[in-house]
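Visitor: The following block contains the structure, expressed as C-alpha cells.
Each reported figure results from applying straightforward, stated rules to the coordinates on display, with no laboratory input. Note that this is a predicted model, so its numbers are computed, not measured. Every residue, glycine among them, receives a Cβ derived from its backbone with ideal geometry; neighbour counts consider all protein chains shown.
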C-alpha cells in the first residue's frame with residue numbers, strides 16, 4: 001500500500017486519513033481484479049461515488065460500509081468493537097461482596113439431632 005506508518009494515525013489530517021481509506025479501498029478492489037463499475041453496481045452506488053471514495057473525497061459512512069461489504073473487508077470494523085470493562089474500584093467491591101463461606105441450610109434444631 002503506502003509507507004505511512006500505522007503509528008502515525010493521530011498526527012494525520014482528516015484529508016490524509018480519508019486518502020488512506022481510499023488507497024485501501026482501491027488496493028482491495030484491484031487485488032480482487034474488480035472494476036469500479038463491478039464494485040459500484042454490487043454496492044448499489046454510482047461508479048463516480050466509488051471513484052470519489054478511492055480518491056479520498058467525502059462520501060457517506062453508509063457508502064463506505066457498502067463497499068467494504070462488497071470487497072469482503074468488513075473485518076476492519078473490528079477496530080470499532082467495544083468491550084465492557086470494569087473499573088478497578090468496582091472489581092474490588094465485587095470481590096469484597098463475594099461469598100467467602102458456605103452456610104449450612106439445615107434448619108433443624110441441634111436438640112433434635114442430638115441423642
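Visitor: Once Rh for region 11-79 is found with the Kirkwood sum over Cα pairs, what is the Stokes-Einstein diffusion coefficient at 37 °C and 0.692 mPa s, in µm²/s? Spell out each step's value before the answer.
Guide: Working: Rh = 11.9 Å.
D, rounded to a whole number, is 276 µm²/s.
Visitor: Here's something else I'd like to know. Taking neighbour counts of Cβ atoms within 10 Å as a proxy for exposure, in what order, fewest first, do 24, 80 appear? Each step should come with its number before you reach the end.
Guide: Numbers: 24 17, 80 6.
Ascending number of Cβ neighbours within 10 Å: 80, 24.
Visitor: Let me ask another. Return a whole-number percent for the relative contact order of region 11-79, with Cα pairs under 8 Å and 6 or more residues apart as the contact set. Write out the running numbers ahead of the final one.
Guide: On the way: 62 pairs, mean separation 25.0, N = 69.
About 36 percent, as a whole number.
Visitor: Calculate the FRET efficiency for residue 33 and residue 13 from the Cβ-Cβ distance with a Förster distance of 25 Å, rounded to the nearest 0.05. Write down the numbers at each step before the final one.
Guide: Working: r = 32 Å, r/R0 = 1.28.
That pair, residue 33 with residue 13, gives E of 0.20.
Visitor: Picking from 51, 15, 85, which is most flexible by a Gaussian network model of the chain using Cα springs under 10 Å?
Guide: Between 51, 15, 85, it is 85 that shows the largest mean-square fluctuation.
Visitor: Between 105, 35, 18, which gets the highest mean-square fluctuation from a Gaussian network model of the chain, Cα cutoff 10 Å?
Guide: Highest fluctuation of the listed residues: 105.
Visitor: While we're looking at this one, here's another question. Sticking to Cα atoms, compute the Rg of the chain to one decimal and its Dmax as the biggest Cα-Cα distance, whole number, in Å.
Guide: Final numbers for Rg and Dmax: 28.3, 94 Å.
Visitor: What's the angle, to the nearest 10 degrees (0 to 90), between helix 61-70's Cα axis and the longest principal axis of the chain?
Guide: Helix 61-70 sits roughly 90 degrees off the main axis of the chain.
Visitor: Now for a different question. So for the chain, averaging the separation of alpha carbon pairs under 8 Å that are six or more residues apart and normalising by length, what relative contact order in percent results? The partial results should precede the final answer.
Guide: Working: 66 pairs, mean separation 24.7, N = 115.
The normalised contact order for the chain reaches 21 percent.
Visitor: Specify the residue with the greatest mean-square fluctuation among 79, 40, 90, computed from a Gaussian network of the chain linking alpha-carbon atoms under 10 Å apart.
Guide: Comparing 79, 40, 90 in the GNM, the peak value goes to 90.
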